[in-house]
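What follows is a short report on a single structure.
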Amino acid sequence: MPRSLNIFLFFLCLAVITPTMNASELETEKFWKEERPEFDQYWEERSVEAKEFNQKAYFPDPFEVSGNLTASITEVIAGKNLRRNLRGNKGGGQCLATNPIDRCWRCDPNWADNRQKLADCVQGFGRNTRGGKGGPIYVVTDPSDDELMDPKPGTLRYAVTRNGPLWITFAHNMLITLQQELIMNSDKTIDGRGVDVYIANGAGITVQFVKNIIIHGIKIYNIQVREGGTIRDSETHYGLRTRSDGDGISIFGSSNIWIDHVSMKNCTDGLIDAIMGSTAITISNSHFTDHNEVMLFGANDNHKEDKIMQITLAFNHFGKRLVQRMPRARFGFVHCVNNDYTHWEMYAIGGSSNPTIISEGNRFIGPENKMVGKDLINSKEVTKREYTDESIWKSWQWRSINDEFLSDAYFIQSGPELKDRPFSRQDMITAKPGSYVGRLTRFAGNLQCIVGKPC
């Protein structure tokens, strides 16, 4: 069989197995023209208000924010006295908190009595996120989700639709199957520490035109498309929603968002999407498996509002049976720092429309090559510039700094070399090489915290 026909058959098989290999529903013209309804006056007003918050959350010099994060990582690894220091011990006894975000709270045996301290620990572009800090603690006692317009007190839907700051915890282990998308109001923290909380087998979480959201310590999987309906999004408003996308977490026109120690897999569309001018986002300490299109940052080449998008990916583990998009970005600025990329089938980091992507201190383990007939298909390249000729993308700022490449993985850089910036090669050459990633991401994903002990 001719070589060209072998390769054609290989990609044809991939298309049959994974029909959304190259585009999620959010990227299709059908979605934007037909599925997304025109916003009513309420959502139009929310959109204008959100844009103001998003502009305020935008950092004029993103390199400064990234440099602050890498400097704090250096301090954890080396210590102020340049001694290797990967174990915190602030709470007495042994505490294996191996990165600066975790060291801020995990070593305190009294974390359950001071839950809102967590809001002081976020770093990266989402570093000003406070979630529900300053508000009361609300305990979810009921895992049901039967009432969408008039949620029952004690349910998660009731909690996230309240007005004002709220720190949401859970009375016991629970599986919550959302009948429709969970639309969050501003200034909320979902805190699953100390119990096992599963959002599964139903709709996902929607963060739309809001600010100050923390999602921490839960598991999200098997998220499905739901047909929509009349759904409450605040104490004073409910409205008609069209079909949800099947994303695990959908961030739409929102800012100051922190997702930490979340375990996610197997959603119908993306695990986490951030679109429509969303910015000031940190995704950290999380574990992702069993998915095709993992993260989409910017859904359409025409949505230039995503130029203000700034996202930090730190200390995450991209694990088994992932295919692509860790992330896939348009416009904006993405800082991938100290993540562990142990598996991918097509590529790890992709993009179009000239995003800035700084890959720093990550570990990339290339996948095994696949044989198709007598031909060897190589997927060891970390990067993929989509729908763009090299004559255009060669000027995009995609840099690899102190990354570790194993099993023949490789990163194709582009754009001018970074100079006079906090994390240039000259400044950060020994800061945190990818060889440290196994320790920095050791506790990625949902934690098994026990009240009264360091987590």
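The values are calculated or read from the model by the stated rules, or taken from the named source; none is laboratory data. What you see is a predicted model; the values in this text were computed from it and never measured. All Cβ positions, glycine included, derive from the backbone under ideal geometry; neighbour counts span all protein chains shown.
Taking the range 367-455 and the strands (runs of 3 or more DSSP E) fully enclosed by it, no element has 2 or more residues that are crowded, with 20+ Cβ neighbours inside 10 Å, modelled with pLDDT of 95 or more and of a type in the set (S, T, N, Q). Considering the range 299-340, the qualifying strands (runs of 3 or more DSSP E), each wholly inside and each with 2 or more residues that are more than 19 Å from I275 (Cα to Cα) and either in contact with a His (Cβ under 9 Å, 6 or more places away or on another chain) or without any contact (Cβ under 8 Å) to a residue 12 or more places away in the chain (or both), run over 322-324. Residue count for the range 189-210 under the criterion of being at negative phi and either in contact with a Phe, Trp or Tyr (Cβ under 8 Å, 6 or more places away or on another chain) or in a strand (DSSP E or B) (or both): the result is 14.
Within the range 53-70, none of the residues are assigned to a loop (DSSP other than H, G, I, E, B), at pLDDT below 80 and on the phi < 0 side of the Ramachandran plot. Taking the criterion of being under 14 Å from N222 (Cβ atoms), part of a loop (DSSP other than H, G, I, E, B) and of a type outside the set (S, T, N, Q), the only residue of the range 252-269 that qualifies is D269. Under the condition of being in a strand (DSSP E or B) and either of a type outside the set (S, T, Y) or farther than 15 Å from I272 by Cβ (or both), which residue from the range 287-298 is nearest to the chain's Cα centre (by Cα)? Result: M295. For the range 353-366, what are the residues that are under 10 Å from Y341 (Cβ atoms) and either among the small types (G, A, S) or part of a strand (DSSP E or B) (or both)? Hits for the range 353-366 are S359, R363, F364, I365, G366.
Looking across the range 117-136, the residues that are part of a helix (DSSP H, G or I) and without any contact (Cβ under 8 Å) to a residue 60 or more places away in the chain come down to K117, D120. I need the full set of residues from the range 161-202 which are surrounded by 19 or more Cβ atoms within 10 Å (Cβ to Cβ), out of contact with any Asp or Glu (no Cβ under 7 Å at 6 or more places or on another chain), farther than 23 Å from G228 by Cβ and of a type in the set (V, I, T), in order please. Within the range 161-202, T189, V197 meet the criteria. Taken over the range 224-274, the criterion of being of a type outside the set (S, T, N, Q) and within 24 Å of C449 (Cβ to Cβ) is satisfied by G248, I249, I257, W258, I259, D260, H261, V262, M264, K265, L271, I272. Can you tell me which residues in the range 92-109 are under 15 Å from D191 (Cβ atoms) and more than 25 Å from the chain's Cα centre (by Cα)? Matches in the range 92-109: D108 only.
Residue count for the range 211-233 satisfying the condition of being free of Cβ contacts under 8 Å to residues at least 60 places away in the same chain, in contact with a strand residue (DSSP E or B) (Cβ under 6 Å, 6 or more places away or on another chain) and assigned to a loop (DSSP other than H, G, I, E, B): 1. Every condition in (1) among the β-branched types (V, I, T); (2) surrounded by fewer than 19 Cβ atoms within 10 Å (Cβ to Cβ); (3) in contact with a Phe, Trp or Tyr (Cβ under 8 Å, 6 or more places away or on another chain) is met by V140 except one, and the failing one is (2).
Note on the range 170-207: residues that are closer than 19 Å to T268 by Cα and in contact with a Lys or Arg (Cβ under 8 Å, 6 or more places away or on another chain) total 11. On inspection, T98 does not qualify as modelled with pLDDT of 95 or more and among the β-branched types (V, I, T).
For the range 234-251, a tally of residues being surrounded by fewer than 24 Cβ atoms within 10 Å (Cβ to Cβ), assigned to a strand (DSSP E or B) and either in contact with a helix residue (DSSP H, G or I) (Cβ under 9 Å, 6 or more places away or on another chain) or of a type in the set (K, R) (or both) returns 3.
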